[in-house]
Structure formats: C-alpha cells, structure tokens
Amino acid sequence: MDPQTATPEDRAAALSEAEAKARLEDLATTIARADEAYHRDDAPWIPDAEYDALKRENAALEARFPHLKRRDSPSDRVGAAPAEGFAKVRHRMRMMSLGNAFEDEDLRDFVTGIRRYLGLAPDAPLAFTAEPKIDGLSLSLRYEDGRLVQAATRGDGEVGENVTANARTIADIPQTVEDAPEVLEVRGEVYMSHADFEALNTRQSARGDKTFANPRNAAAGSLRQLDPAITRARPLRFFAYSWGELSDPLAATQIAALDRLDSLGFQTNPLTELCETVDDMLAHYRQIEQARATLGYDIDGVVYKVDDLALQSRLGFRSTTPRWAIAHKFPAELAWTRLEAIDIQVGRTGALSPVARLKPVTVGGVVVSNATLHNEDYIAGRDATGAPIRGGKDIREGDWVQVYRAGDVIPKVADVDLSNRPEGAAPYAFPATCPQCGSDAVREEGDSVRRCTGGLVCPAQAVEKLKHFVSRSAFDIEGLGAKQVEQFHADGWIAEPADIFALQDRYGSGLQQVKNREGWGEKSAENLFRAIEEKRTIPLKRLIFSLGIRHVGEVAAADLARHFGTWDKLAQTVDRAARAGAAARRAEDAVAAERAAAADEGRKPRLADTKAAVWADVPQEARAAWEEITGIDGIGATVAQALVTAFGQPRERASIDRLVACLEVEPEAAPTAADSPVAGKTVVFTGSLEKMTRAEAKARAEALGAKVSGSVSAKTDLLVAGPGAGSKAKKAADLGVETIDEDAWLALIGDG
Ligand code: IVH
C-alpha cells in the first residue's frame, strides 16, 4: 500500500482484528498527546492533516470493529483539559468539535446520511449554510441581562478556562448587547490577522521575546495571558458563528441567527452563504478556497451547517460532534528542501524517533526546519506490513525532500526526489544501539518502533519517565515541572521517582541546597518541599498511571484501580499472573499455527484443544490471576502483558517498590451507579416509530448510557415496540421482557 495515495480508511481496512486492537491503542495515545500539545500547550506536535488522518483511521477501525472501541476512544473527546493558571469554567452546554470531510464525496455522504437520519425524501428541500472555518481558537461569551459576564475557552469541551478579563480587551467583543435574550451565550473564534501577526513577531523579536509559529498560536498565546494588559496590547479579533445556552431562541434558522448576532453587534463572517444543494455547497467551497490567499487571516476549510434549527435539534450530537455540521478541510501545503541530517530522539518508553533536520524552508507561510520521519520503516520506504511506500524510495541524509504541513508546526517528510540525490549518499543506517546510553535498541515483532532496552539506565528514558511522573495527570507536584526535573536529573539529584521524596532528607539541609540553585529562592524551595509532602498521599489510579507503564494510560489506570481497590491487591495479582503471561503469548502463536495447519490440511482448526494444551502447564493460580486482569472491562491481554513485563523486570520493580514504600496510597472507592433511568440497560426497538427515526432513537438511548441491540434475548431489559411490531414483541412476551410503546419510552427518558 502506498501511503501517498492510500487513505486512512484503506489503512484501516488492511488490518487484522488483532492488529486493529493494537493500532487503536496507539492511536488513542498519539491523539491524546497531540490534543494536549495543541489545545493545552499551544505547541502543536503534528500537522493538522496528519492529526485528521489519525482520527479518520481511528474512526474507520471503530466502524469495522465496534467491539474494539476503547473507553478512552479519541472519537469521544474534544481538545484537552484546561491549562493551569486560569480559573476553570464548566460550560453549561458542551463546546463541540466538528467532524471532517476531505473529499467532495465525504460531503455527499454527509448530506445523504442526514437525509436518511431525518427520513427525508431525496427531493425534499434541505438547506445548509456554508462559511469559512477560521483557524483560531474558540471562545464562549456569556451575557446576562445584556452584560458580558464571562468568557471561557473550550478546554476539553466540558471545562474551559475563564479568560473574561482578557476577552474584555478585544474590540470585536461587545461589553453589552441590547434587545438580547436575558441569557445569551455567543460562541465563535478568536483569531489574529496576518498583518497583525507579522507586526507582533517583529516587535517580539526586536525585544528579544519569543516569536510565534503562526497566527493561531499567536492568538492562543495572546488570549491565554495571565496579565490582561498583555492581551490588550495584542490585536485579537473575533467572529461569532454559534451559541450555547439561550433563554430565548435567536431565530428559526442558522442564517437568521447569524443576522441576529450581527445586529447585536458581533462580527459574523461575510463569506457565509445559504446553499440549497450539494453542488451549491461545493461551488461555495471553491469560491472560499480561491479567496483564501486574499482574506488576510487563516482559514483551514469551510463549515456547513443544516440551516433549519428545528432539524438541527432533531439531529443532535454524537459524543463530541454535532450531526448537523461538518468541516470540509482544504488540502495540505507542500514545499521541497534539503534534508541535512537525521537525528534520533529517545522517548519515555525508549522509542527511538527519527527527526529530519532540514534546510529551513517556508511552507504555507511558516518557516520549517524540523520534520518527523516516523520510524525506521518509513525512512527505508516501506510500511508496517513491509509493502513499499513512495514507490519504495528510501530517504537519505543530503536528499532533496518534500515537506508537508497543513496549518501547523512539526510537519512531515512526505516524498524524496531521487534525481537530486547527492552522489555517494548512503542508505540511512538506523541505529541498533541507543544514541543516549549505548544499550541495545531492539524491535519486537509486530512493533514498528525500535526501543532502547536501557530502562532507567538510559538518561533519556529516565528523564522522560520522571517528566511523566510529575505531569498533571500523574503526581502533579507543584513547582516540579519538566524543566526542573531535567535540571535535577542532570545534576544527579534524582534518578527515579522515589528520589523525589528523598530530596529534602538526602540534601539534609535540602532547603539550603535547593534555594542556592539558580532560579530558586527560599520561598519556592519551601513550597516545593511542601508540594512534595502533600503528594505522599496519592490516589491509587494516579499512582498506577504515573509509573509510565507501556499501554497503561489514564483510563486503564482508573479501570485497574477500580477493580483492585488497593495497591497490594494489584501487585499480588500481577505477580501471580506473571507465569501466565508467557503462556498467553505461546497460546496466541499456537492458535495461529493451528489455524495455518488446518487450512493446509483442509480441516477445521482445533482451537480449544490447542489452547488447552498450552495452558495445561500453567499453575491454576497464575491462570486465575491472568483471567482476572484480562476480564476487567476495558483491559485486554496487551495491558496485562505490559503490567507483567514491567513488574517482572527486577530493576524496574525495585524502583517501583522503593517508590511505593515512600507513599500512602489511597484505595479506590467502589463505583457508584449512573443516574439515567436506562443507563446500563439493554434496549431493543421494534415496529415503526412515529416521533423519530430508528437511528435517532438508537442515538438518544446510547447517549443515555443504554445498550441498543437488534434482537431480543434473555439479556434484553426493555423492548420499545411501535405499531406493526411482530416476532420481537412475541419473543419478549415469551421471555417476560418488559415492553413499552414509544410514548412511554419518551416519558421514561424525560422527553415525553
Ligand atoms: S461551528 C457545534 N463554525 O472549528 C458546532 N466552528 O474543528 C461548533 N471553527 O471547535 C463549531 N470556524 O473552534 C464552527 N465557522 C465555524 C468555525 C468553527 C472555526 C472551529 C471551532 C470548532 C473547530 C472544530
């Protein structure tokens, strides 16, 4: 498969179920990391187009294997948790993200899907607004009795940052509005024009201050200043395009609502148009694309929204995106330049990541000098399955390469021009040892990444592990961030997490020594020790997450904590399971071999026997422990294996034990029941529904935590039967399953 032409959907289609599972796990981690970099740190880590491709691949895999959908699935999340420093604001109505279309065909599918969902005839009218997608950051403005009372960033969609004082400095944002609903939440995009961005960067560099990579980062950095005087000095603008809570509706259609916002004193985008057909929508897309270079601000696509607000409310939302809107993205931007060198960076789990050092080149208005080269195979010109990519062309130092980005920094090397290859350029030899510590760097079967085996001996890994340990979702020690960890590690003060808790004692006069360091004073040193002491008591799930065990992210850590309740129970079970881990791996291999043999011999594979033979050697206790771990909802063999590996490595285990000995680990309380009346229930719909389509009914039920099934069985809790219900109603009656009609269902879910 050639990734230059293969779509993310093609890539998803090529994977087996086991590969898909592992890939979904990678995608969850990578996308979460990209979300944090982009939304929380204003420092994008991968280009937008690449991010979009990852999300598409994730969605395609989930569509193929719905049962593999993870509980931390990126499709259920927008953005990242808010940064520290601002008060948090819980949005009364969630701030949503948008689904993406890349090809004209995606847009046609989107419109067809909406018609089907609403049960509209193909010729029934269905109008959409089309407007530019502004490349800035979204902001929600709350007015009460006509006065601006609060401005909040999106954050993770549920909780954002309170930036009211800063928003008040933006000229496009009215302080008061007349003849508006009593409660009015206006949502839109804060952005910076190209001219203002250039001028700001010139001023910044003249003063020796940090310059911004692009207008979006400049806008985000300027809005999220703790000092509003700084925001005031930055020329930010605002386009209104949507709303949150309202005490009265603004209008009956999207376009009329925008007019209303306009008359209330907000800027709305002048390129917004009402389109009656898909062809109109595409024509307007091309028109906006043409105008893009002359607009004077960045846009990265066109947003289409169902115009009729009553239909919007029927269509409702998926977990993070409205069903009634979609963003049609512009294609990526490209440039050619010289690849000067390939550097290798070492990450927390020891992954060796190749980075291209480029002769600086401007791509879409941004100077690019580094790009990702993904992994060893990518450089060699093959994909994970060994099939050629870029027609099999490898990448060498000195090559003339194509750099690709779409909107944001850290772009990637997409192609190579062999006709420009310098004479004598040698194929790139990916290091077989870690460039940081010299340990062997090995690549496990099925892994696209080569990893350093040095563990905590490797300074790069140790530092990354420590950074993870102190990060916000882990120990979150105030005053001990990535920078401080790097310094303390470089000076030999901390080599592993337990050392953090010994800092004060080990440096006897800890305070004295810390305060003598550059950048520290008596107060900050005291605060640091206090913050460390506070974290000696830590919730179990945070402890598990903080260990930085491969595949054990925040969600898995919480699942494990909920199941085991205490550290000792977890550790004992993992230790007991150790002997089963190897058997599980052997069983997988044996099953694969048996399948192949059976296929060759034209017989049915004897899978149960094969598995039983491997497991026969494993002590019952080990097997029970393994089954207990893999039986936890959301935890599979990959996580179990990773736990067993980490706990079974003597050095790593000793380091974990030293840490736990310093701590008071808070046990995890048993889970509480969810509050929707249908949460956790299995519901079946049958017969014809009159107030909504089947798809709509299913989506509403799932949003309330119910499981919707297509057939009635003993596991069914509730059958919702409309007129014309047949065999399912009969079967439900036979099984004693409760059966109600559509109105009773609506009353039950509070929608009657
Ligand atoms: S509508 C419920 N319209 O794009 C729908 N969003 O990728 C909310 N954006 O979070 C969004 N221009 O920050 C909408 N004309 C526009 C937009 C727009 C830019 C941003 C917005 C959103 C993101 C989704």
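The values are calculated or read from the model by the stated rules, or taken from the named source; none is laboratory data. These numbers come from a predicted model, not from an experiment. Glycine also receives a Cβ, built like all others from the backbone with ideal geometry; neighbour counts cover every protein chain displayed. The protein model used for the area step is the full one, side chains on, heavy atoms only, and it has no ligands, DNA or RNA in it. Shrake-Rupley method; radii C 1.70, N 1.55, O 1.52, S 1.80 Å.
Being touching a strand residue (DSSP E or B) at 6+ places or on another chain (Cβ under 9 Å), at pLDDT 85 or above and of a type in the set (D, E, K, R) holds for only one residue in GLU621, GLU627, GLU601, GLU666, and it is GLU666. Taking the numbered list (1) surrounded by 17 or more Cβ atoms within 10 Å (Cβ to Cβ); (2) closer than 21 Å to ARG71 by Cβ; (3) in contact with a Leu (Cβ under 8 Å, 6 or more places away or on another chain) in turn, LEU663 passes all entries but (2).
Yes or no: ALA701 under 20 Å from GLY113 (Cα atoms) and open to solvent by less than 20 Å² (accessible area, probe 1.4 Å)?
Working: under 20 Å from GLY113 (Cα atoms): yes; open to solvent by less than 20 Å² (accessible area, probe 1.4 Å): yes.
It is true that ALA701 is under 20 Å from GLY113 (Cα atoms) and open to solvent by less than 20 Å² (accessible area, probe 1.4 Å).
Contact map, the stretch 269-293: residues that are touching a residue at least 24 places away in the same chain (Cβ under 8 Å) paired with residues that are surrounded by 15 or more Cβ atoms within 10 Å (Cβ to Cβ) and of a type in the set (Gly, Ala, Ser), Cβ distance under 6 Å, separation 6+ or inter-chain. Pairs shown: GLU273/ALA130; LEU274/ALA127; CYS275/ALA130; GLU276/ALA127; MET281/ALA130; HIS284/ALA130. For the stretch 552-590, a tally of residues being among the β-branched types (Val, Ile, Thr), within 27 Å of VAL614 (Cα to Cα) and open to solvent by 20 Å² or more (accessible area, probe 1.4 Å) returns 0. Annotation note: of ALA646, ALA640, ALA622, the sole residue that is touching a residue at least 12 places away in the same chain (Cβ under 8 Å) and either more than 18 Å from LYS541 (Cα to Cα) or of a type in the set (Asp, Glu) (or both) is ALA622.
Inspection of the stretch 33-46 finds a residue satisfying the criterion of being open to solvent by less than 50 Å² (accessible area, probe 1.4 Å), among the acidic types (Asp, Glu) and at pLDDT below 80. Might you check whether a residue that is in a strand (DSSP E or B), of a type in the set (Val, Ile, Thr), farther than 25 Å from ASP35 by Cα and touching a helix residue (DSSP H, G or I) at 6+ places or on another chain (Cβ under 8 Å) occurs anywhere in the stretch 415-433? Taking every residue of the stretch 415-433 in turn, at least one turns out to be in a strand (DSSP E or B), of a type in the set (Val, Ile, Thr), farther than 25 Å from ASP35 by Cα and touching a helix residue (DSSP H, G or I) at 6+ places or on another chain (Cβ under 8 Å).
VAL367 satisfies every condition listed in (1) open to solvent by 60 Å² or more (accessible area, probe 1.4 Å); (2) more than 22 Å from ALA22 (Cα to Cα); (3) part of a loop (DSSP other than H, G, I, E, B) except (3).
Can you report the number of residues in the stretch 510-551 which are part of a loop (DSSP other than H, G, I, E, B) and either modelled with pLDDT of 85 or more or open to solvent by 40 Å² or more (accessible area, probe 1.4 Å) (or both)?
The initial filter retains those residues of the stretch 510-551 that are part of a loop (DSSP other than H, G, I, E, B), namely 516-521, 535-536, 547-551.
Subset that is either modelled with pLDDT of 85 or more or open to solvent by 40 Å² or more (accessible area, probe 1.4 Å) (or both): 516, 518-519, 535-536, 547-551.
Adding up the residues that qualify gives 10.
Quick check: anything in the stretch 332-343 surrounded by 16 or more Cβ atoms within 10 Å (Cβ to Cβ) and within 12 Å of the ligand (Cβ to nearest atom)? Taking every residue of the stretch 332-343 in turn, none turns out to be surrounded by 16 or more Cβ atoms within 10 Å (Cβ to Cβ) and within 12 Å of the ligand (Cβ to nearest atom).
Suppose the filter is hydrophobic (A, V, I, L, M, F, W, C) and out of contact with any Pro (no Cβ under 7 Å at 6 or more places or on another chain); does LEU570 pass it? Don't jump to the end; show me each part of the working.
Numbers: hydrophobic (A, V, I, L, M, F, W, C): yes; out of contact with any Pro (no Cβ under 7 Å at 6 or more places or on another chain): yes.
It is true that LEU570 is hydrophobic (A, V, I, L, M, F, W, C) and out of contact with any Pro (no Cβ under 7 Å at 6 or more places or on another chain).
I want to confirm something. Restricting to the stretch 181-191 and keeping residues that are away from the ligand (no atom under 14 Å from the Cβ) and open to solvent by less than 20 Å² (accessible area, probe 1.4 Å), which single residue is nearest to the chain's Cα centre (by Cα)? If you could, list the steps in order and put the result at the bottom.
Of the stretch 181-191, the ones away from the ligand (no atom under 14 Å from the Cβ) are 181-184.
Pick out the ones that are also open to solvent by less than 20 Å² (accessible area, probe 1.4 Å) and you get 181, 184.
Working: PRO181: 35, LEU184: 30 Å.
Out of the qualifying residues, it is LEU184.
Can SER73 be described as closer than 16 Å to SER97 by Cβ and either open to solvent by less than 40 Å² (accessible area, probe 1.4 Å) or at pLDDT 85 or above (or both)? Spelling it out, SER73 is indeed closer than 16 Å to SER97 by Cβ and either open to solvent by less than 40 Å² (accessible area, probe 1.4 Å) or at pLDDT 85 or above (or both). ASN214 falls short of the stated requirement of being touching a Pro at 6+ places or on another chain (Cβ under 6 Å) and either under 21 Å from ASP259 (Cα atoms) or touching a residue at least 60 places away in the same chain (Cβ under 8 Å) (or both). A single entry from GLU178, GLU198, GLU182, GLU158 fulfils the requirement of being of a type in the set (Asp, Glu) and closer than 22 Å to ALA293 by Cβ: GLU198. Among the residues making up the stretch 86-142, those that are open to solvent by 10 Å² or more (accessible area, probe 1.4 Å), within 15 Å of the ligand (Cβ to nearest atom) and among the aromatic types (Phe, Trp, Tyr) are PHE102, PHE110. Close contacts from the stretch 474-495, counting a first residue that is closer than 21 Å to ILE549 by Cβ and a second that is polar (S, T, N, Q), with Cβ to Cβ under 6 Å and a gap of 6+ residues or different chains, come to ALA474/SER546; PHE475/SER546. In summary, strands (runs of 3 or more DSSP E) completely within the stretch 651-752 and bearing 2 or more residues that are among the acidic types (Asp, Glu) occur at 664-666.
Given (1) within 30 Å of GLY398 (Cβ to Cβ); (2) in contact with a Lys or Arg (Cβ under 6 Å, 6 or more places away or on another chain); (3) touching a residue at least 60 places away in the same chain (Cβ under 8 Å), where does PRO354 come up short, assuming only one miss? With (1) within 30 Å of GLY398 (Cβ to Cβ); (2) in contact with a Lys or Arg (Cβ under 6 Å, 6 or more places away or on another chain); (3) touching a residue at least 60 places away in the same chain (Cβ under 8 Å) applied to PRO354, the lone miss is (2). Applying the criterion of at least 1 residues that are closer than 20 Å to ILE170 by Cα, open to solvent by 60 Å² or more (accessible area, probe 1.4 Å) and away from the ligand (no atom under 11 Å from the Cβ) to the strands (runs of 3 or more DSSP E) found wholly in the stretch 215-328 leaves 237-246.
Just one of the listed residues (ILE288, ILE255) is more than 30 Å from LYS698 (Cβ to Cβ) and touching a Pro at 6+ places or on another chain (Cβ under 8 Å), and it is ILE288.
Under the condition of being among the β-branched types (Val, Ile, Thr) and under 29 Å from the mean Cα position of the chain (by Cα), which residue from the stretch 151-170 is nearest to the ligand (Cβ to nearest atom)? Among residues in the stretch 151-170 that are among the β-branched types (Val, Ile, Thr) and under 29 Å from the mean Cα position of the chain (by Cα), the one nearest to the ligand (Cβ to nearest atom) is THR153. Selection over the stretch 361-394 of residues that are among the small types (Gly, Ala, Ser) and under 16 Å from PHE430 (Cβ atoms) gives a count of 4. Please go through the stretch 576-597 and give me each residue that is in contact with a Phe, Trp or Tyr (Cβ under 7 Å, 6 or more places away or on another chain) and either over 22 Å from GLN649 (Cβ atoms) or polar (S, T, N, Q) (or both), ordered by number. Residue satisfying the conditions is ALA587 alone. Is it fair to say LEU148 is more than 14 Å from the ligand (Cβ to nearest atom) and either over 21 Å from VAL89 (Cβ atoms) or under 26 Å from the mean Cα position of the chain (by Cα) (or both)? Taking the combined requirement at face value, the residue does not satisfy it.
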